[in-house]
Amino acid sequence: MDIDIQNVTRTFRGGVTALDDLTLHIPTGMFGLLGNNGAGKTTLMRILAGLLRPTAGRVVVGGHELATKAGQQAVKAELGYLPQDLGLYPDLTARQFLDYVALLKGLDRTADRRRRVGEMLELVALTDVADRRLKGFSGGMRRRIGIAQALLNDPRLLIVDEPTAGLDPEERIRFRTLLSQLPGSRTVLLSTHIVEDVAQTCRQVAILGRGQVRFRGTVDEVVAHAGGRVWSVTTRQDGPPAGVVVSALAHEDGTRYRVVSDIRPSEDAVALEPTLEDGYLALTGAITVAG
Amino acid sequence: MKSFVATARYEFTMQWRKRSVWIVTGVLALLLVAIGAGQLTYVFDASDTKTAMARAALLLQLLLPVGYGSLLADRLVRDRQIRIAEVLDATPADATARLAGKYAGSCAATAVPILVLYLVVGVAYGIAEGDWAAAGWVFAIFVVITLPGLAFVGAAALAFPLVMPTPLFRVLFVGYWFWGNAVTPAAMPTTAQTLLAPEGAYGLRQFFGYDEEIMRPRGDLFNVLRPEVSATTAVLSIALLAVLSVLLLAGANAVQSRSTR
């Protein structure tokens, strides 16, 4: 299910422009959407989910015009959506909540619905607590319920917005593995500011900044963007002599910084293999050259 | 239709499980017993069982709808508050059907404890007077008179918190209820004992033998809403409450759809 976004602008009351003449093609498969907080990712996700209308521009999802009611209905029938801030009804059990969402998604036949709910609970490893009320669920369990509800209708388009925010490392890995196993003929749109999530799950990626597409390509191309610009610098000073700090590690000789810099930050700087995070920092233009 | 049924079913389940629905109604019932004990002779002195149950229903309606409206006030706005609205809005289910289902399910569940109290009163009267028709009459009053009133209160409780904070609605609603239903027209201009009063002044008098005259103080501007009691005006009163309920829900639907755009 391809997505075509053409010259989309979304301006909110008060004049805040979240998306600014954004054009992007998203093909079938896993697709990562990276960007800082406030880059416009959530606004774009909400537009694609039919929850928000663009102020200007055109969105076509799987051949359906999102500007029309019929188009929106057609997309929603094939959509799985996990929003950034997912709430659940505390008074329902996990099974009841999924049954409710399944009914709203049009799974009308009782036997099929029960089977599908059971499968989803199994998929997210929550069968044991299926009949417990959701108010007692941890953050990780709630996210898993979130992905289960999104997958109930076997969607051709799955939109997940910041799915691993707030999860512990084990939950995060479990979630990423689950997402990676999904695509097939689906389009899975993963929006996140956590670069590692995209690195582990996506080949295609777009980077958003200030409501516009800053980059569109493969993960390898993002990584390549930082080629020859990633350094390890150890110093006792407050910061590295040049570049943007990717990470810092206390060391017996001082602090060891991993930096992205156009120039070698110091004589003893050691060149490193770039990662997606390095490429992301290089592409978002956050690099400052000092020293 | 399927979205309506699904939403009504699960909204009923959630509201039914809410302890406050039972606690608030129970506390109000105790309060009614405390302040209404002196009114028992008023109920038992009625000329027949039907009138006695009409009098009892009017006493029950003094407080119970206050709890009813307050308990329903968070139902529609909470979907946004607990951040579930987007998941539901992203389904192909029709938003209007979901709103209607939420209204029907949550209102029905909140009305159950009130129905139970009505039946308790009917059965208690039946035991005391040896007339088991009391339970039937009180049930009929609940269906014909109380339900339309609760339907109106429920629609208002779902709609108004979309445009004002829920606590403010609750305060205003309590004020409205006592002003518009409990106060006698002799005391001040009020919508009590008009066609628009959810207490069901016209239906109780026409269909259930409630035997006090409608008050029409000289010069009261609300007298235009106080025609003579007849079958037509009683039905009109019920119909007006139904129309107002639909209008309130339509308004809520419009506000909701605008807020998602």
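Since every read-out is calculated from the coordinates, none of them should be taken as a lab result. Keep in mind the model is a prediction, meaning the values are calculated, not measured. For neighbour counting, all protein chains shown are included, and Cβ atoms are generated from backbone atoms with ideal geometry for every residue, glycine included.
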Residues with amide H under 5 Å from that of A:THR55, placed H, sequence gap 5 or more: A:THR9, A:ARG10, A:THR11
Hull surface divided by four, with the convex hull built on the Cα atoms of region A:38-142: how many nm²? 8.3 nm²
Counting C-alpha atoms alone, how compact is region B:1-144: give Rg to one decimal and Dmax as a whole number, in angstrom. 18.3, 58
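Quick one: net charge around A:VAL61, please, counting Lys, Arg +1 and Asp, Glu -1 for every other residue with C-beta under 9 Å from its C-beta.
-4
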Taking H as built 1.01 Å from N, whose amide H comes closer than 5 Å to the amide H of A:GLN212, not counting residues under 5 places away? A:ASP20
Using the structure shown, list the pairs from A:LYS41/A:LYS135; A:LYS69/B:LYS102; A:LYS69/A:LYS135; A:LYS41/B:LYS2 with a Cα-Cα distance above 26 Å, or answer none. A:LYS41/A:LYS135; A:LYS69/A:LYS135; A:LYS41/B:LYS2
Kirkwood Rh, region A:226-283, all Cα pairs: how many Å? 11.1 Å
Got a sec to turn the phi values of region B:154-171 into Karplus ³J(HN,Hα) couplings, 6.51 cos²θ - 1.76 cosθ + 1.60 with θ = phi - 60°, whole Hz, x for Gly and Pro? x, 5, 5, 5, 7, 7, 5, x, 6, 10, 8, x, 4, x, 5, 4, 4, 5
Most exposed to least, judged by fewest other Cβ atoms within 10 Å, A:THR28, A:THR110, A:THR11 sort to A:THR110, A:THR11, A:THR28
Along Cα→Cβ, 7 Å out, is where each label goes; now give me the distance between the ones at A:GLU273 and B:MET215 in nm to one decimal. 8.9 nm
Footprinting exposure proxy for B:SER20, A:SER191 (fewest neighbouring C-beta atoms within 10 Å first): B:SER20, A:SER191
FRET efficiency, A:ASP4 to B:LEU172 (Cβ-Cβ, R0 60 Å, nearest 0.05): 0.80
Find out how many positive minus negative residues lie around B:PHE160, taking Lys and Arg as positive, Asp and Glu as negative, among other residues whose Cβ is under 13 Å from that of B:PHE160. +1
If you split all Cα-Cα distances of region A:120-204 into 5 Å bins from zero, what percentages do you get per bin, shortest first? 3, 14, 27, 26, 18, 9, 3, 0
So what J values fall out for region A:97-109 if you push phi through Karplus, 6.51 cos²θ - 1.76 cosθ + 1.60 with θ = phi - 60°, rounded to Hz, Gly and Pro as x? 4, 5, 4, 4, 5, 4, 4, 5, 8, x, 7, 7, 6
Restricted to the protein assembly as shown, the DSSP antiparallel beta bridge percent, nearest 5, is 65 percent
Once the mean 1/r over all distinct Cα pairs of chain B is inverted, what Kirkwood radius in angstroms do you read off? 19.1 Å
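Per the Kirkwood treatment, what hydrodynamic radius in Å, one decimal, follows for the protein assembly as shown from the mean inverse distance over all distinct Cα pairs?
On the way: mean 1/r = 0.0367 Å⁻¹.
Kirkwood radius, the protein assembly as shown: 27.3 Å.
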Using the Kirkwood radius over Cα pairs, work out the Stokes-Einstein diffusion coefficient for chain A at 37 °C and 0.692 mPa s, in µm²/s as a whole number. 159 µm²/s
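Taking the Cα centre of chain A as origin, work out the dipole magnitude from +1 charges on Lys and Arg Cβ and -1 charges on Asp and Glu Cβ, in debye rounded to 20. Don't skip to the answer; put the middle values down first.
Working: 35 positive and 34 negative charges, 247 e Å.
Once rounded to the nearest 20, the dipole reads 1180 debye.
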Kindly put A:SER261, A:SER180 in sequence by how many other C-beta atoms sit within 10 Å of each C-beta, fewest to most. A:SER180, A:SER261
For A:80-86, what's the mean count of beta carbons from other chains sitting within 10 Å of each residue's beta carbon? 4
Determine the calculated [θ] at 222 nm for the protein assembly as shown from helices alone, applying -39500 (n - 2.57) to every DSSP H run no shorter than 4 residues and normalising by the residue count; nearest 500 deg cm²/dmol. -15000 deg cm²/dmol
Just add up the charged neighbours of A:LEU249: K/R +1, D/E -1, any other residue whose Cβ is under 9 Å from the Cβ of A:LEU249. +2
So what J values fall out for region A:228-243 if you push phi through Karplus, 6.51 cos²θ - 1.76 cosθ + 1.60 with θ = phi - 60°, rounded to Hz, Gly and Pro as x? x, 10, 10, 9, 10, 10, 10, 8, 8, 6, 4, x, x, x, 7, x
Built amide H within the under 5 Å cut-off of A:GLY35, gap 5+: A:THR192, A:LEU208
